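Presented below is the structure to which this report refers.
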Amino acid sequence: MLEVIKNELNKMKVIDSSAGGGELECGLIKDVEDYRKKIIMLLCLVNNWVIVPEHYAPATYKFIDVCKRECEE
């Protein structure tokens, strides 16, 4: 799950970031509508993944589809 999030975030243009102790603390990402939609979808995915265990993937994908429709409206 973490790899999916990292891969998606790495595709975005970062304006500024800060790190401490070798760990990323925060990053400022360019404000683009497409980036906002991706971040909302990733947050939906993370929230649902915590609630629904990984082996219940069909429920997860159904939830992601609902998030996609909400983002498109």
Check: Hey, any hits in region 27-49 for a residue that's touching a Phe, Trp or Tyr at 6+ places or on another chain (Cβ under 7 Å), modelled with pLDDT under 80 and of a type in the set (S, T, N, Q)?
Finding: yes
Checklist line | Count of region 17-37 residues which are open to solvent by less than 60 Å² (accessible area, probe 1.4 Å) and either under 16 Å from ASP65 (Cα atoms) or small (Gly, Ala, Ser) (or both) | finding: 3
Next item on the list: Mind listing whichever residues of region 50-61 are open to solvent by 70 Å² or more (accessible area, probe 1.4 Å) and either at pLDDT 75 or above or aliphatic (A, V, I, L, M) (or both)?
Entry: VAL50, ILE51
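The values are calculated or read from the model by the stated rules, or taken from the named source; none is laboratory data. Computed from a predicted model, the values in this text were never measured in an experiment. Because the Cβ atoms are built from the backbone with ideal geometry, glycine has one as well, and the counts that use them run over all protein chains shown. Heads up: the accessible areas ignore ligands, DNA and RNA and are worked out on the full protein's heavy atoms, side chains in. Shrake-Rupley method; radii C 1.70, N 1.55, O 1.52, S 1.80 Å.
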